[in-house]
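Engineer: The structure is given below, and queries will be raised subsequently.
The values are calculated or read from the model by the stated rules, or taken from the named source; none is laboratory data. Source: prediction; values computed, not measured. All Cβ positions, even for glycine, are placed from backbone atoms using ideal geometry, and neighbour counts span all protein chains on display. Only protein heavy atoms, including side chains, enter the accessible area calculation; ligands, DNA and RNA are left aside. Shrake-Rupley method; radii C 1.70, N 1.55, O 1.52, S 1.80 Å.
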Amino acid sequence: MRRSVEFTYEDIIKRNERRGFTSMVKPVGSLCNMRCKYCYYLDKAALYGGVEPKMDDKLLESYIKANIEGNNSPVLNFAWHGGEPLLAGKEFFKKAVALQRKYANGKTVENSIQTNGLLIDDEWCSIFRDNNFLVGVSIDGPEHIHDAHRVDAGGQPTFMRVMKGIEKLYRNRVEYNTLTTVNIHSEGCGAEVYKFLRQISVFMQFLPVAELLCDGKIQSPEGEKADIAPWSITAKGFGEFMCDIFDIWIKSDVGSRYVQLFDATLALMVGVQPSVCSLCETCGSGLTVEHNGDVYCCDHFVYPEYKIGNIHTDSLAELAYSDRQFEFGVAKRALLPRECRHCKYYRLCHGECPKHRFINDNTGEYGKNYLCEGYKLFYSHTEREMGQMKELILAGKPAALIMKK
């Protein structure tokens, strides 16, 4: 039986302060021009009768107004995601930017967008550059690794088209980074993937793929009779993948290439909140807004039981600070098995993302992270060098000085 969610005094203080929240918006839902074999979002169309129309102009304006006016933060980021958000069209995003300016009221508004890169052309680049969009491009590594899972709607490979999109971003001076999934086909290829990516990207995110399947559909950790999806990376494989990358990075790329997991680990070691939510102690500050206005607790929990409202009828801010969202966030810490809470690396991973917590610990308690072995391998492997970089940072020196030791 799972424990009840208990709140600490600090939890209550944070809640009452109503600190800023973020939201990821899906203007076309799960509509996509690709059919990635491991995608956890394609089947979400079933929640809406198999049809996913574009967010209409009225709802777009309501969302932008609500996000800006309801948020206490002086700097707001609009995170556009999918599916493939570029399918919403260029005019949609021109309207979005105009509406942001209309309602900004002195606040700084930023935009980030995650794309598969297939639709990027010079006009898209002009929109991104002129409006300071940060563009995330999904690419899994060199051609043979990328094309193993990332195919288009007709089943054709996409690597060369994605590379053309990245080239256009580069030539048009658009700020971009890369998002790379680490799946079973990536296992054992960490060094190869990194050596490829470092040629085209300065900032890299690596997203482990670990999903549960039931009757062919991806489901939440609470599901029953589920199996590990065949495309999932093994825990040890993920750890080795990141260790292999670290071994190259620490010798030559500190300060010139940025890997999200490395940055987040260092941040936690020096007492700074990491930029990635999966490594924070609690979650719940990032909502997901669907194309029709439905609001869910998190992008990885778009299931009926995690729907908390709709911006047609509910205040976005009130949903962000609601009891249900608060409990969802604190549950990340409260429902961890005892083994995890007493682990020496707890302060670095905090149990990682709840979507990956679907195995039993050594005492049989449910809720341990499937990737635990891999994270432990990574933290133990990098402990000495991370400690040295921590000391450099605390002394007011750049971490890159470690390369001179």
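Engineer: Computing the accessible area with a 1.4 Å probe over protein heavy atoms, can you report the carbon and sulfur percentage for the chain?
Structural biologist: Solvent-exposed carbon and sulfur of the chain make up 52 percent of the total.
Engineer: Would you please give the FRET efficiency between residue 203 and residue 156, computed as 1/(1 + (r/R0)^6) with r the Cβ-Cβ distance and R0 = 41 Å, to the nearest 0.05?
Structural biologist: Numbers: r = 29 Å, r/R0 = 0.70.
Efficiency for this residue pair is about 0.90.
Engineer: Residue 69 to residue 338: FRET efficiency via 1/(1 + (r/R0)^6), r the Cβ-Cβ distance, R0 35 Å, to the nearest 0.05?
Structural biologist: E between residue 69 and residue 338, to the nearest 0.05, is 0.25.
Engineer: Label residue 263 and residue 48 with points 7 Å out from Cα along Cα→Cβ: what is the distance between them in nm?
Structural biologist: My value for the distance between the label points is 3.0 nm.
Engineer: Starting from 0.36 nm per residue, how many nanometres of slack lie between residue 37 and residue 248 once their C-alpha separation is accounted for?
Structural biologist: Full-extension gain reported as 73.0 nm.
Engineer: Any chance you could list P(r) for region 177-328, counting all Cα-Cα pairs in 5 angstrom bins from zero, rounded to whole %?
Structural biologist: Histogram of Cα-Cα distances, whole percents per bin: 2, 8, 14, 15, 16, 16, 14, 9, 5, 1, 0.
Engineer: Right, next: Which value in deg cm²/dmol, rounded to the nearest 500, describes the helix-derived mean residue ellipticity at 222 nm for the chain, given -39,500 (n - 2.57) per DSSP H run of n ≥ 4 and division by the residue count?
Structural biologist: -10500 deg cm²/dmol
Engineer: Also, I was wondering about something else. Between residue 144 and residue 57, what is 0.36 nm times their sequence separation minus the Cα-Cα distance? Round to one decimal in nm.
Structural biologist: Computed gain between residue 144 and residue 57 is 27.3 nm.
Engineer: With r as the distance between the Cβ atoms of residue 404 and residue 105 and R0 = 41 Å, compute the FRET efficiency 1/(1 + (r/R0)^6) and round to 0.05. Working shown, then result.
Structural biologist: On the way: r = 48 Å, r/R0 = 1.17.
Using R0 = 41 Å, I get an efficiency of 0.30.
Engineer: Fully extended, how many nm does the chain gain between residue 98 and residue 362 (0.36 nm per residue separation, minus their Cα-Cα distance)?
Structural biologist: Numbers: separation 264, 0.36 × 264 = 95.04 nm, distance 5.44 nm.
Contour length minus Cα-Cα distance gives 89.6 nm.
Engineer: Would you list the membrane-span-like helices of the chain, meaning whole DSSP H runs whose alpha-carbon atoms span at least 15 Å along their axis and whose mean Kyte-Doolittle value is at least 0.0?
Structural biologist: 235-252
Engineer: May I ask you to evaluate 6.51 cos²θ - 1.76 cosθ + 1.60, the Karplus curve with θ = phi - 60°, for each residue of region 29-38 and list the ³J(HN,Hα) values in order in whole Hz, giving x for glycine and proline?
Structural biologist: Values, residue by residue: x, 8, 4, 8, 9, 10, 9, 4, 5, 9 Hz.
Engineer: I would also like to ask the following. Could you tell me the center-to-center distance, by alpha carbons, between region 144-174 and region 86-118 in angstrom?
Structural biologist: If we compute the Cα centre of each part, the gap is 23 Å.
Engineer: Which is farthest toward the positive dipole end of the chain among 311, 27, 246, measuring Cα position about the Cα centre, with Cβ charges +1 (Lys, Arg) and -1 (Asp, Glu)?
Structural biologist: Positive-most Cα among the choices belongs to 246.
Engineer: Amide H neighbours of residue 177 under 5 Å, at least 5 residues apart or on other chains, H built in the peptide plane: list them.
Structural biologist: Long-range HN contacts for residue 177: 135, 136, 137.
Engineer: From the C-alpha coordinates alone, can you work out the Kirkwood hydrodynamic radius of region 23-70, in Å?
Structural biologist: It works out to 12.3 Å.
Engineer: Given the pairs 376/404; 26/217; 195/251; 54/164; 44/307, which span a C-alpha to C-alpha distance of over 18 angstrom in this model? Provide the component values of the computation, followed by the final result.
Structural biologist: Details: 376/404 27 Å; 26/217 20 Å; 195/251 13 Å; 54/164 26 Å; 44/307 13 Å.
Over 18 Å Cα-Cα: 376/404; 26/217; 54/164.
Engineer: In square nanometres and to one decimal, what's the mean projected area of the convex hull around the Cα atoms of the chain?
Structural biologist: 19.8 nm²
Engineer: Would you please name the trypsin sites (Lys or Arg not before Pro) within region 162-251 that are DSSP coil residues with at most 10 other C-beta atoms within 10 Å of their C-beta?
Structural biologist: Sparse-neighbourhood loop trypsin sites (Lys or Arg not before Pro): 173, 225.
Engineer: Run the simple label-point estimate for residue 276 and residue 175 please: 7 Å along Cα→C-beta, distance reported in nm.
Structural biologist: With each label placed 7 Å out from Cα toward Cβ, I get 2.0 nm.
Engineer: Which parts of region 105-148 would a label at residue 227 reach, counting a residue when its backbone N lies under 18 Å from a point 7 Å out along Cα-to-Cβ?
Structural biologist: Taking a point 7 Å out along Cα→Cβ of residue 227, no residue of region 105-148 has its backbone N under 18 Å.
Engineer: Taking all pairs of distinct Cα atoms, average 1/r, flip it, and tell me the Kirkwood hydrodynamic radius of region 286-405 in Å to one decimal place.
Structural biologist: Evaluated on region 286-405, it is 17.2 Å.
Engineer: Relative to the Cα centre, what is the charge dipole magnitude of the chain, using +1 at the beta carbon of each Lys and Arg, -1 at the beta carbon of each Asp and Glu, and rounding to the nearest 20 debye?
Structural biologist: With Lys and Arg at +1 and Asp and Glu at -1, about 920 debye.
Engineer: If you average over every viewing direction, what projected area does the convex hull of the Cα atoms of region 77-161 give, in nm²?
Structural biologist: Averaged projected hull area, Cα only: 6.1 nm².
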